[in-house]
Amino acid sequence: MKATETNLKGCFIIEPKIFEDERGYFFESYNHKNFCEAIGREVSFVQDNQSFSKKGVLRGLHFQKGEYAQAKLVSVLRGKIQDVVVDLRKESPTFGKHLSIVLSDEDKKQVFIPRGFAHGFLTLSESAQVFYKCDNFYKKEAENSIFYNDPILGIEWKIEMAQLKLSKKDTEAYGFNLLKQNM
């Protein structure tokens, strides 16, 4: 496994070692010891989540506040997504900055998102199945959302806005400035 820290401190791109031959492939998608050594810290995941989304579905930008914040390890089992994370750590030099990366079942890359980040993804293929591990349990009362298209964040989504499919929750999310005031 290869772990590369991104421009957002603590956020890593994980590339597994894939063994391929004429029969197919094999790779270790998660190994606790190797993973923690690669990112330089201990993380204990307690919950696994899966979602299935059709092309154009944008989920996010979601996060949990305070003691319910979650670190995530995100991968794509089928399809292709644009994965986006936003640094919400006020003390961080990259506060308010984002990372956008394409993840797919072809390259099998993963992204590790530490606590203190918002996360979202956009389905680029006809459909996508996304799998992610969390280091804290989901708590509805702690959940929050940032508006996916907030101009302050400047995220360049890879599909035209008119083609996006959003939940009501995501269309009614907070703007980044309002969220900053209430953090």
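Could you say whether any residue in the stretch 118-133 is part of a loop (DSSP other than H, G, I, E, B) and aliphatic (A, V, I, L, M)? It would help to see each step written out before you state the result.
Narrowing the stretch 118-133 to residues part of a loop (DSSP other than H, G, I, E, B): 124-126.
Remaining after also requiring aliphatic (A, V, I, L, M): 124.
Yes, the conditions are met somewhere in the stretch 118-133.
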Which one of these is on the phi < 0 side of the Ramachandran plot and free of Cβ contacts under 8 Å to residues at least 40 places away in the same chain: Asp83, Asp107?
-> Asp83
Note on Ser100: of the conditions (1) in contact (Cβ under 8 Å) with a residue 60 or more places away in the chain; (2) within 13 Å of the chain's Cα centre (by Cα), unmet is (1)
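Does at least one position in the stretch 119-126 carry a residue that is more than 14 Å from the chain's Cα centre (by Cα) and under 25 Å from Phe45 (Cβ atoms)?
Residues of the stretch 119-126 more than 14 Å from the chain's Cα centre (by Cα): 124-126.
Imposing the further condition that a residue be under 25 Å from Phe45 (Cβ atoms) reduces the set to none.
No, that holds for no residue.
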Residue check for Leu164: farther than 24 Å from Glu42 by Cβ and in contact with a Gly (Cβ under 6 Å, 6 or more places away or on another chain) | yes
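Asp107: under 30 Å from Ala162 (Cα atoms) and part of a loop (DSSP other than H, G, I, E, B), yes or no?
On the way: under 30 Å from Ala162 (Cα atoms): yes; part of a loop (DSSP other than H, G, I, E, B): yes.
Criteria met by Asp107.
With Gln50, Gln129, Gln110 as the choices, which residue is under 27 Å from Asn31 (Cβ atoms), modelled with pLDDT of 95 or more, polar (S, T, N, Q) and surrounded by 21 or more Cβ atoms within 10 Å (Cβ to Cβ)?
Numbers: Gln50 fails: surrounded by 21 or more Cβ atoms within 10 Å (Cβ to Cβ); Gln129 fails: surrounded by 21 or more Cβ atoms within 10 Å (Cβ to Cβ).
Going through Gln50, Gln129, Gln110 in turn, the sole match is Gln110.
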Flagged pairs (Cβ under 6 angstrom, 6 or more apart or on separate chains; first in the stretch 2-20, within 19 Å of Gly96 (Cα to Cα); second among the aromatic types (Phe, Trp, Tyr)) are Glu5/Phe12; Phe12/Phe112
Of the listed residues (Asn136, Asn149, Asn177), the one being modelled with pLDDT under 95, assigned to a loop (DSSP other than H, G, I, E, B) and not charged (D, E, K, R) is Asn149
Which condition breaks for Asp135 when tested against (1) surrounded by 16 or more Cβ atoms within 10 Å (Cβ to Cβ); (2) within 21 Å of Leu153 (Cβ to Cβ)?
-> (2)
Of all residues in the stretch 1-47 being over 28 Å from Ser92 (Cβ atoms) and among the charged types (D, E, K, R), which is surrounded by the fewest Cβ atoms within 10 Å (Cβ to Cβ)?
-> Glu22
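The values are calculated or read from the model by the stated rules, or taken from the named source; none is laboratory data. These numbers come from a predicted model, not from an experiment. When we count neighbours, we look across all protein chains shown, and the Cβ atoms used for this are built from the backbone with ideal geometry, even at glycine.
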